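Okay, structure first, notes after.
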Amino acid sequence: MPPSKGVAEPYRPSARVLRRVSVLGVAMLVIFAVLLLRLWALQVLSGTKYVNQAAANSFRTVRVQAPRGQILDRNGVPLVTNAPATSILLWPADLPKVYTTRYAELRALARLTSVPLYEIAAGIKARRAANDLVTPVTVREAAGEPMIAYLYENASQFPGVTTWRTFIRHYPYHSLAAQVLGYVGEISQTQLNGLSKQGYQPGDEIGQSGVESSYDSYLRGVAGSARMHIDAFGRPRSGLTTTAIAKPGNDLRLTIDLKLQQAAEKALQYGIHLAQANGKWAARGGAIVALDPNDGSILAMASAPTYDPSVYAGHVTLGELGRAGLTPKTAPAKNIPSLNRAVSGLYPPGSTFKPVTALAAMQEHLLSPYAYLPCTGTYSSPQDRSHRTFHNWDPNVNQAMDLPTALAYSCDTYFYRVGNEFYNLPADHGQPLQKLADAFGFGQSTGVDVGPEATGLVPTIRWRQQHFTDAVDKLWKPGDSIELAVGQGDLLVTPLQMARLYAALANGGKLVTPHVLDDVESPNGARVPVAAIPAPRQVGIDPAALQAVQKGLWDATHLPFGTSYAVFGKFPVSIAGKTGTAQKVVSLPGYLGLQNQAWWCGYGPYNSPKLVVCALIENGGYGGDVAAPAAAKVFAAYFHVAFHILGPIHSD
Amino acid sequence: MLEYAGSQHAGRRTDREEGLAIVGVLRSLDWVLLAGIAGLVAVGLWAVSGVTRFAVVGNPSYYLDRQMVYVAVGGAALVVGTFIDPDIYRRYWKPIFGATVLLIAFVFVVGHAARGSTRWISLGFFTFQPSEFGKLAFVLALAGFLADRPRDVGALGTTLRVLGLGAIPVLLVFAQPDLGTALVYLAALVAMLFVGGAPWRQLVALGSIALLLAVGVLWAGPAVGVNFLKGYQQSRLTCFVHPSYCSSADTRYNLEQSIVAVGAGQVKGRGVNNATQTRLQFLPEHGTDFVFASYSEQRGFIGASLLLALYLLVLWRALRIVSIARDFYSAIVAGGIVVALLFQIFVNVGMTMGIAPITGIPLPFVSVGGSSMIANLAAMGVLLAIYARGRAARRRR
């Protein structure tokens, strides 16, 4: 190998090259100084900040919903319990960053869970809008086993999706007392705005109606929290570590009696079927209230039609809600099953209101209980310039009656005359009938703890002036007083308000506050203090006057001409009560016209009342025909007796 | 500039050269540099053992085992390189250059693509990355071109020609696309011109052209609708200036996760088990491109500054070799290798901390990967050979 030129010439670097080597050396030092300073700044100066960021990266805090309290009947039988379920959660922060893969994942998830993609997207959008990417979106509550199994097996295809053990509401008696119990659903934005101060958070479940709503603060308990480790793909890498234990909610004990509630719902169906058998095609709903006249505790509250609240438990779909008549679109066809007719159905009370008229008339000395007034086939007021003729339900009667007889027979013309007397009262007497109606709680909320409650309407001279624009309509006319006297015209009441009236008639004139809550019990059985129910308050009725009315109600069920004698005449327990048949303009799909609302309200035993029952069959015809037998069924269940109806029913 | 030693010693020195091959090399070895390299390799293996512990389920040492094999092969390359007279590379620079260009070009024919780039040739048991070995070969070959014209170095013609020659492999690597490695080649080329003695005005002109090119490619080009770079390259290069400018969410994500990982390491590090950024895979590519961030998370400021100190030691000893080199060729080779190494370290480490553009350059001696480890150890062998021969030549004088 010949020596090469390079080797042959010994090389010594020039000063210039040496200078350049030192320049490189300095550059090297500067570069390392920069790297080291940056390293110092990141690790030593701001290290804590990045440790927190790393932790936020890899920890997910889950809100552990507390098991909701149970709802029990007065004997401790559970009416609403919890069932374990698995829900599918989605963590928006852990979704793929690339739009196409994210979209593909969400579409696969939508198909798997059969939840519409737009629903999932809306959930994510809501979190984005709230700038909250660490609260998971519940894709589906109560997912089926195959869905969960598929998710486990294909976890890598679903970054950001986890499953979660939860509880869903379980209704062992299905539709029983559905409107009273209410249902639970995810908190809405409007609810959240009003309740966020009380610890409610997005994604929380909250009672949406019934006692679930009115006692939500007792039922919900206190949510806990748990932490889990997840990796960059949102897959859980550790079990859950509880950081705060969830406090289970308290149990509610209601005054509702399961057996009586079942009887009331059956009785309501029975009444509706009776009406339909009588050709009352529009009879498709109604309500029965049964309460204790001494303290106002409600033992049964039935409303028809009804629904099974299970449709709101777990995965809620619009389709299922629609089939149950629970969406605004489908509700009219199903006759609005979510409406609790006992507290928010408004009807004219008809003859069941006559005791109020009688009491007010006696208070004003317009009437002496045992003086006789004519009961005729028709009546027209001498003061009425329109000369309108008001008809008795029985056109062939012509007889003088005292008050108990007029009540028992439910003579309309008798009360028309009394109504006209009210019209003729001098202005300085005010409006005593309306005043007494107010005192019995009409036109206002009863204070019951199951909402939402309708207040109804007691028409007054002032109301007429404010409510109408036409000069003639603005005037209070004799007809208004006459119709009010028999519970017709503009008067509107709820079945609960009527039950409250009959409780006062039964208990000697005390107005009770109807309620369904008995007490609240903590999970370990201790009593939880709740606001006391207001004590019954005296309305201020003359006992003699009340006695005359009570006698009329007893006669109505026990004398052969009484309107519900056929039902209660031979009833083993002494029941007093009044029928009512009220005309109401009814608007149904494809129909607008007058329909008779069938009522019966009463109490028993007559001498020591324990139960008030008020039954209403919507568009059911005569009260004596359908409402009285339905109410009798409830009494029969309560007193554990059997009864039979005597021949054709004497109607009102 | 160069001293003429006379030809009468030529015959004798051949014998000495033979002797130098074994004993002489050992006698004049740069033991400090060797210790620094050994330390780097050891820290690198330590880093890999922690960083990749959870990468393969059920086999915590999967990558470590492989990396140790690469170290063994690389160590052999280092030993062989130490005993080969660098002058041989100078004599055969043309075949070396040709083979390098061919191999890099071959990638386009049988290449193995990963992450959108074709850089690898699969050999079955090993995926071979020619551009990694190409770094060393590029330096050896272009230094040969310059050493053949020792008196013309600095002439504009020589500079332009060496640039033209170097442009062939650089453009090939750029087209793979592997922007980072192409920039390493360019840095090495500029360093060789610098050490070779090219006048400042040429270097300044080169710098200006590079600046103009950068502005043109990154800003002016896209502004008028001509894109020289792939979208992700563009965004990676500009991203580090200010993260909110990042056009691609992925790039920003990588950078953010990397900075969080480095910072979370704090002084003492979080340990292998608690380093969540790495363990839970928030940090992408934590065995390769982002290995420094992962290592910093696990070992903290203490571990990271130890690694930087070892780099500084090796670079300092390597830079010294430029002035100890026996001949012009060796000096240029040493300069090229040192700057290429420095450039890779700065860009890789700086990238993980958000002070350098994000490019796919492996961290020398640490990143998981055979080609890089073997090529870097071989380059160290060349440096050791240059040092040994420079020392021996000095002793003779």
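The values are calculated or read from the model by the stated rules, or taken from the named source; none is laboratory data. None of these values were measured; they are calculated from a predicted model. Counting neighbours? That spans all protein chains shown, and the Cβs are built from the backbone with ideal geometry, glycine included.
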*Being polar (S, T, N, Q) and within 34 Å of the chain's Cα centre (by Cα) is the filter here, so list the residues in region A:87-111 that pass it.*
A:SER87
*Quick check: is even one residue across region B:335-345 polar (S, T, N, Q), in contact (Cβ under 8 Å) with a residue 40 or more places away in the chain and within 10 Å of chain A (Cβ to nearest Cβ)?*
no
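Just to be sure, is A:ARG253 part of a strand (DSSP E or B), more than 14 Å from chain B (Cβ to nearest Cβ) and at pLDDT 75 or above?
When the stated conditions are applied, A:ARG253 passes them.
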*Output the residues belonging to region A:93-108 that are at pLDDT below 80 and in a helix (DSSP H, G or I).*
A:ALA93, A:ASP94
_Unique match (being out of contact with any helix residue (DSSP H, G or I) (no Cβ under 7 Å at 6 or more places or on another chain) and either touching a residue at least 40 places away in the same chain (Cβ under 8 Å) or not in a strand (DSSP E or B) (or both)) among A:VAL549, A:VAL586, A:VAL573, A:VAL612_ = A:VAL586
_Against the conditions (1) closer than 25 Å to A:HIS515 by Cα; (2) modelled with pLDDT under 85, where does A:VAL184 fall short? Just the number, please._
(2)
*How many residues does region A:422-474 contain that are without any contact (Cβ under 8 Å) to a residue 60 or more places away in the chain, out of contact with any helix residue (DSSP H, G or I) (no Cβ under 6 Å at 6 or more places or on another chain) and over 20 Å from A:PRO349 (Cβ atoms)?*
13
*Considering region A:33-91 alone, what residues qualify as being of a type in the set (Gly, Ala, Ser) and within 9 Å of chain B (Cβ to nearest Cβ)?*
A:ALA41, A:SER46, A:GLY47, A:ALA54, A:ALA55, A:SER58
*asked:* Under 7 Å between Cβ atoms, which residue pairs at least 6 apart in sequence (or on different chains) link something in region A:481-493 that is in contact (Cβ under 8 Å) with a residue 24 or more places away in the chain and farther than 19 Å from A:THR413 by Cβ with a partner that is of a type in the set (Phe, Trp, Tyr) and assigned to a strand (DSSP E or B)?
replied: A:LEU492/A:TYR347; A:VAL493/A:TYR347
*Can you tell me which residue within region B:254-294, out of those that are outside any helix (DSSP H, G or I), surrounded by fewer than 24 Cβ atoms within 10 Å (Cβ to Cβ) and of a type in the set (A, V, I, L, M), is farthest from the other protein chains (Cβ to nearest Cβ)?*
B:VAL267
*asked:* Checking the condition surrounded by 24 or more Cβ atoms within 10 Å (Cβ to Cβ) and either more than 10 Å from chain A (Cβ to nearest Cβ) or closer than 20 Å to B:VAL71 by Cβ (or both), which residue from B:ALA318, B:ALA304 passes?
replied: B:ALA318
*asked:* Please go through region B:170-226 and give me each residue that is of a type in the set (Gly, Ala, Ser) and either more than 26 Å from B:ALA318 (Cβ to Cβ) or at pLDDT below 80 (or both), ordered by number.
replied: B:ALA175, B:ALA205, B:SER208, B:ALA214, B:GLY216, B:ALA220, B:GLY221, B:ALA223, B:GLY225
*For region A:188-222, what are the residues that are at pLDDT 85 or above and either part of a strand (DSSP E or B) or among the aliphatic types (A, V, I, L, M) (or both)?*
A:GLU205, A:ILE206, A:GLY207, A:VAL211, A:LEU219, A:VAL222
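Can you tell which of B:LEU363, B:LEU310 is assigned to a helix (DSSP H, G or I), in contact (Cβ under 8 Å) with a residue 60 or more places away in the chain and more than 22 Å from B:ILE84 (Cβ to Cβ)?
Result: B:LEU310 is the single residue among B:LEU363, B:LEU310 that is assigned to a helix (DSSP H, G or I), in contact (Cβ under 8 Å) with a residue 60 or more places away in the chain and more than 22 Å from B:ILE84 (Cβ to Cβ).
For region B:111-118, check the following and say yes or no: at least one residue is part of a helix (DSSP H, G or I) and touching a helix residue (DSSP H, G or I) at 6+ places or on another chain (Cβ under 8 Å). Steps first, answer last, please.
Filtering region B:111-118 for residues part of a helix (DSSP H, G or I) gives none.
The answer is no; no qualifying residue exists.
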_Can you tell me how many residues within region A:542-553 are surrounded by 23 or more Cβ atoms within 10 Å (Cβ to Cβ) and of a type outside the set (Gly, Ala, Ser)?_
2
_Kindly evaluate A:GLN488 against the criterion of being surrounded by fewer than 21 Cβ atoms within 10 Å (Cβ to Cβ), of a type in the set (S, T, N, Q) and closer than 27 Å to A:GLY350 by Cα._
no
*Restricting attention to region A:10-28, which residues are more than 7 Å from every other protein chain (Cβ to nearest Cβ) and surrounded by fewer than 13 Cβ atoms within 10 Å (Cβ to Cβ)?*
A:ALA15, A:ARG19, A:SER22, A:VAL23, A:VAL26
*For region A:465-501, name all the residues that are of a type in the set (Lys, Arg) and either at pLDDT below 95 or in contact with a strand residue (DSSP E or B) (Cβ under 6 Å, 6 or more places away or on another chain) (or both).*
A:LYS474, A:LYS477
*Have a look at A:THR357, A:THR389, A:THR413 and point out the one that is on the phi < 0 side of the Ramachandran plot and either in the same structural domain as A:LEU594 (by TED's automatic domain parsing) or surrounded by fewer than 23 Cβ atoms within 10 Å (Cβ to Cβ) (or both).*
A:THR389
_Any residue at all in region A:110-132 that's at pLDDT 85 or above and within 14 Å of chain B (Cβ to nearest Cβ)?_
no
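Only residues that are in contact (Cβ under 8 Å) with a residue 60 or more places away in the chain and either crowded, with 24+ Cβ neighbours inside 10 Å or among the hydrophobic types (A, V, I, L, M, F, W, C) (or both): list them for region A:620-635, please.
Matches in region A:620-635: A:GLY620, A:GLY623, A:GLY624, A:ASP625, A:VAL626, A:ALA627, A:ALA628, A:ALA630, A:ALA631, A:ALA632, A:VAL634, A:PHE635.
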*Which one of these is away from chain A (no Cβ under 14 Å), at pLDDT below 95 and assigned to a helix (DSSP H, G or I): B:LEU102, B:LEU78?*
B:LEU102
_Which numbered condition A:VAL64 fails, given (1) under 20 Å from A:GLU205 (Cα atoms); (2) outside the structural domain of A:ALA143 (by TED's automatic domain parsing)_ = (2)
*Could you grab me the full set of residues in region A:345-395 that are under 40 Å from the mean Cα position of the chain (by Cα) and among the polar types (S, T, N, Q)?*
A:SER351, A:THR352, A:THR357, A:GLN363, A:ASN392
*Tell me, which helices (runs of 4 or more DSSP H) wholly within region A:3-80 include 1 or more residues that are over 23 Å from A:THR241 (Cα atoms) and modelled with pLDDT of 95 or more?*
A:15-40
